[in-house]
Amino acid sequence: MQGVVKVLLAQDIPGVNNAMPSPYLPEEVLCSRRVMYAGQAIALVIAGVSCMQDRL
């Protein structure tokens, strides 16, 4: 898509894909397998133009 610089997925995160350091309730930064709830992030889209960021 024009204006998109890069799309990052869970496998692109170096190290541990965990935003919550708790061993009891791990929370992935980007979903790596099954989506667990509505609104869970599955990708990070980097766009070069601010109007493109709003469309995605």
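Residues in the stretch 14-36 that are of a type outside the set (A, V, I, L, M, F, W, C) and exposed (fewer than 11 other Cβ atoms within 10 Å of the Cβ): Pro14, Gly15, Pro21, Ser22, Pro23, Tyr24, Arg33, Arg34. Answer with yes or no whether Leu25 is assigned to a loop (DSSP other than H, G, I, E, B) and modelled with pLDDT under 90. Taking the combined requirement at face value, the residue satisfies it.
At pLDDT 80 or above and either of a type in the set (D, E, K, R) or exposed (fewer than 12 other Cβ atoms within 10 Å of the Cβ) (or both): which single residue out of Gln11, Gln2, Gln40 fits that description?
The match here is Gln11.
Quick one: in the stretch 4-17, of everything that is outside any strand (DSSP E or B) and closer than 17 Å to Ala43 by Cβ, which residue is farthest from the chain's Cα centre (by Cα)? Across the stretch 4-17, the extreme among qualifying residues is Pro14.
The values are calculated or read from the model by the stated rules, or taken from the named source; none is laboratory data. All figures in this text were calculated on a predicted structure; none of them were measured in a lab. Note that we place each Cβ from the backbone using ideal geometry, even for glycine, and neighbour counts take in every protein chain shown.
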